[in-house]
Amino acid sequence: MIGDFGVNAGYVEELLSRYRDSPQNVEPEWRAFFDGAADGRAVEPPGHPATNGRPPLGANGAVPIQATAALRAPPATAPPIDNVLEAALTQGRVYQLLNAYRVRGHLFASVDPLGKVPTAAPELELTNFGLEEADLDSVFPAVGIGGLGDKATLRQIIAHLSETYCRTIGVEFTHIEDPEMRGWLQTRMESTGNRAALDRSETVRILTKLTDAEIFEQFIHKSYVGAKRFSLEGAESMIPMLDLLVESAGANGVDEIVIGMAHRGRLNVLVNIMGKDPRELFAQFDDRNARKFLGGGDVKYHLGYSSNRVTASGRSVHLSLAFNPSHLEFVNPVVEGRVRAKQDRGRRRSVIPLLIHGDAAFMGQGVVPETLNLARLEGYSTGGTVHLVVNNQVGFTTNPSDSRSTRYSTDITRMLKVPVFHVNGEDPEAVIQVTRLAMEFRQRFAQDVVIDMYCYRRYGHNEADEPRFTQPLMYALIDAKPTVREVYVQRLVGSRQVTLAEAAQIGEERRASLEKAHSEARGGDFLHEPDAMGGVWKPYIGGPDAKVPEVATGVPRNVLLALMDRLTALPPGFHANPKAQKIVEARRERLLTHDTLFWETAETLAFASLLREGTPIRLSGQDSRRGTFSHRHAVLYDTKTGAPYTPLEHLTDGLPQGRFQVWDSALSETGVLGFEYGYSLDTPDALVIWEAQFGDFANGGQVIIDQFIASAEDKWRRLSGLVLLLPHGYEGQGPEHSSARIERWLQMAAEDNIQVCNPTTPAQLFHLLRRQVRRPWRKPLAVMTPKSLLRNPVATSKLEELVSGEFKRVIADDLATDPKGIKRVLLTSGKVFYDLYKAREERARTDVAIVRLEQYYPLSTAVYDVLSAYPAGTDLVWVQEEPSNMGAWYFLKAHLPDHLNGRFPLRFVSRPESASPATGSKASHELEQQMLVDQAFA
Ligand SMILES: Cc1ncc(C[n+]2csc(CCOP(=O)(O)OP(=O)(O)O)c2C)c(N)n1
């Protein structure tokens, strides 16, 4: 009981002193408690937490020591109160000390191989807890301290706690709220002193892997002097660690690990963990085929790889190392999305994301917390990520004190309240112990877990970099250090597990095999283009647009009508919000009685028809279920129970249909867009859509757009069919609610890498979405989507337009005039088309044709097919709402002439050049729009 005073023992002492002055000085509950103690009876202390049958929890949730013997078993003749209470208080102090080890022990653990982090533990000194040397040999109950039995001397207790919490592993776990998780970790660690039990074969394996790691780096260092490799030296324990992680994954029922990591040690991982042929790597270093990757490809330490490894448990584990850009940490959400896609096909726990971070980047980059925040969201969870921070205590040339405001680079993960193991990378056995704990924890509790491996960086940021300019003292320490392998060899020799000769032999074998691979690499062609087109990707293609025919994307009338019925049917007893129900019913009503389709109906029918054909759909974005503009209502909520109902999940009366997922996302662009991009990498058969709240905000995810979406095929031969819905249009809503930055998309457009479209009718959106799946061509698709047009009766379609036809890249004018009578062609795109159309009617200008460019990129012969109807020399005017330095003008000026065969002079009308996309004044907007239209007809 007294143990429960925990950190409040000082308060109890204060009360006791008041009680001694006069029992009336304290509250009745405390009086009863002290009276009871004086009589030798056990009385619950006031405010004792309800324990619900579990062992009572102390402060910070640690499992406390049980009641003292003195209080539990009243002696025949009660001793004087002072003795009893003194014993109880001493016990309380011991508990405080114990608790301090659990909570703060990590601060004093010797986790730093450079010895810069303090290891003395003044805070844990006896006197700070009111204890004395004389107490060291007193016996105290030790129930609750794993590994010590029922009783132990204070000396033994301290030795055990120090071994567990302050050796080369410092663990943060008492902040975890869930008592089961905390208790599990505590028992695991205290029962073993937080040491891995390893037999000789295991220690030899660790040594072998350390040797692999070291010899690999030294071999490249010698063979390719000055070449960048981002050496792992100083952090070699990562290799035995990952080796064990894969083994332990196999033993824990895991089928696949998807790894995201940056440059540091990546080549080492590729060869020593993923099993990449070193001959291929050497061929990449030799780089003797300049023609092979002209203008494309990527540096070797960004390339991905995948392989299968049969583990000792007999289970084969598939390993995928994700391709990644230089942009540190941005691969994180991409890996999470990939894992989720794989999990959606199988079991949640059978695929593990493993993210390997640098200490500076982990704390510095905002994408890290964005990704961590996805961890427990239903639509984004991956059942726990294993994080490894390769903490070499420097970022390029920057010291930790300049790169973070926190003690640990992992402190950002405290938001999730998950275990963080700080471990000394020079103690490979400690690294193995935390890896085992981390893997078991992830599999058991489906939560993230963090390993922060303190190590050092033997060279500069890369091997040509001089670190002694900026970290002279640190490198004086590093220069004097034996390698991690050498330290471990000494330890194993000392404990007679290997001889020096055996250790040297392991090194010789490794060196010889690298020599052999090196000479073979020079004699053959081992350079391969990255191959990403196996497995689920087999039926799909990338490359040039022109090679892949368009497909018919119409859907039979009766099918569409039947789907419409299903979409409006609600389950019996469902209390829909009357307004939402009206919106949904109005779709059907408009279609049946007026043959009119608004945008959201076309989108819903595109989804429904694809689902019916078996295509899975995943749509995620901010407020996507209802839709930013309250137009979609993909999920309806029962007004009495709050229960959701998603009509698109119930299209086929129990017959198979594609899975429909729609998620309201976290308020993030980078994290969520990266996640959906990752999801699309593993689901080429699905329609995967990320929706921006407004297109203006998509640039929050610009790194994902630039580094992955636009360039992955060029760099890594990785395709994606991700769709981005980007509300766009000049409607007087100010500079941040107008533009999805078409210009940026078009500047990135080359080699048919992406599709950029701005459909002007609901039917066009319908066909565009269906084409994205029905064509075997997989390319990211950026769609400028409507805002006010959602409710504009002019911008509607007829059912027949969904039944037949296909997406039109260019829409010809429907004017009855003979094309020969046309004096000017306005070429335009998006919402402004409707303004121009109206103006033409008002002005009765039958000499002006209006042609819509529905697909900006890839531009195709479709433009000329339409324009060629007009006489050569006709005035061709590109009209855009955006300022001239934005929108499509610069792109079209550069590329459209190639499609005009010299027939038409091209000029443009736009808003004037501007630093910001739009005005903040509604009135100015309207004036600008009027001037734009006037100019187009002038
Ligand atoms: C987003 C981003 N910003 C800056 C850089 C440039 N850069 C490359 S490595 C590096 C230091 C990384 O330090 P750390 O995360 O500790 O990893 P280490 O190189 O020490 O393993 C920097 C700043 C980058 N690659 N990505």
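The values are calculated or read from the model by the stated rules, or taken from the named source; none is laboratory data. Note that this is a predicted model, so its numbers are computed, not measured. Glycine gets a Cβ as well: all are built from the backbone with ideal geometry, and neighbour counts include every protein chain shown. Areas reflect the complete protein model, heavy atoms only, side chains present, ligands, DNA and RNA absent. Shrake-Rupley method; radii C 1.70, N 1.55, O 1.52, S 1.80 Å.
General observations
- For residue 689, residues with placed amide H under 5 Å, excluding near neighbours: 618, 619, 620, 723
- Only Lys, Arg (+1) and Asp, Glu (-1) charged, at Cβ; the chain dipole about Cα centre in debye: 2180
- Of the listed residues 455, 166, the order by accessible area with a 1.4 Å probe, largest first, is 166, 455.
- Across all directions, the average flat footprint of the convex hull enclosing the Cα atoms of the chain is 48.7 nm².
- Alpha-carbon centroids, the stretch 590-617 and the stretch 679-732: separation in whole Å: 23
- Rounded to the nearest 500, the 222 nm mean residue ellipticity of the chain from helices alone is -11500 deg cm²/dmol, with -39,500 (n - 2.57) taken per DSSP H run of at least 4 residues.
- Net charge of the neighbourhood of residue 643, taken over other residues with C-beta under 14 Å away and scored Lys/Arg +1, Asp/Glu -1, is 0.
- Using alpha-carbon coordinates, inclination of helix 578-594 to the longest axis of the chain, degrees: 30
- Set of lysines near residue 582 by C-alpha distance (under 27 Å), chain-local residues within fewer than 8 positions excluded: 640, 787, 798, 831
- Annotation: extensible slack from residue 17 through residue 477 equals 160.3 nm (criterion: 0.36 nm per residue apart, minus Cα-Cα distance).
- Classified by the C-alpha gyration tensor, the stretch 352-453 has an oblate form. Its axis ratio a/c, with a ≥ b ≥ c, is 1.5 or above, and a/b does not exceed b/c.
- Relative contact order, whole percent, for the stretch 579-654 stands at 23, derived from Cα pairs under 8 Å and 6 or more residues apart.
- What separates the Cα centres of the stretch 800-875 and the stretch 506-545 is a distance of 51 Å.
- Computed from Cα atoms, the angle from the helix 154-165 axis to the main principal axis of the chain rounds to 20 degrees.
- Ordered from highest to lowest accessible area with the whole protein assembly present and a 1.4 Å probe, 459, 856 read as 459, 856.
- Between helix 557-568 and the chain: long-axis angle, C-alpha atoms, 0 to 90°, nearest 10: 40
- The gain in end-to-end length when the residue 817 to residue 894 segment is fully stretched comes to 24.7 nm, 0.36 nm per residue minus the alpha carbon separation.
- Cleavage-rule hits (GluC sites (Glu not before Pro)) in the stretch 360-448: DSSP loop, at most 10 neighbouring Cβ within 10 angstrom: 378
- Area accessible to solvent at residue 474, 1.4 Å probe radius, in Å²: 20
- Shown here: the stretch 237-279, whose C-alpha atoms stretch 31, 20, 18 Å along the first, second and third principal axes, sorted largest to smallest.
- Spatial separation of Cα centroids for the stretch 151-196 and the stretch 550-581, in angstrom: 58
- Taking a point 7 Å from the Cα of residue 159 along the Cα-to-Cβ direction, the residues of the stretch 196-210 with backbone N closer than 19 Å to it are 196.
- The mean of 1/r over all distinct Cα pairs in the stretch 725-870, once inverted, gives the Kirkwood hydrodynamic radius of 16.3 Å.
- Distance histogram in 5 Å bins (all Cα pairs of the stretch 759-842, percent per bin): 3, 11, 20, 22, 20, 13, 7, 3, 0
- Given R0 = 45 Å, the distance between the Cβ atoms of residue 188 and residue 638 translates into a calculated FRET efficiency of 0.55.
- Net +/- balance of residues flanking residue 345 in space, Cβ distance below 15 Å, scoring K and R +1, D and E -1: +3
- Potential extension, residue 536-residue 903 segment - 0.36 nm per residue separation minus Cα distance: 127.6 nm
- Normalising the average separation of contacting C-alpha pairs (under 8 angstrom, six or more residues apart) by the number of residues puts the relative contact order of the chain at 9 percent.
- The stretch 588-727: radius of gyration over Cα atoms, expressed as a fraction of 2.2 N^0.38 Å: 1.13
- Positive minus negative residues near residue 135 (Lys, Arg vs Asp, Glu; Cβ under 10 Å): -1
- If you sort 363, 886 by accessible surface, 1.4 Å probe, largest first, the order is 363, 886.
- Heavy atoms of residue 922: accessible area, 1.4 Å probe, square angstrom to 10: 110
- Taking all protein chains as they are arranged and a probe of 1.4 Å, the heavy atoms of residue 305 leave approximately 60 Å² accessible to solvent.
- Over the stretch 229-308, relative contact order from alpha-carbon pairs under 8 Å, at least 6 apart, %: 38
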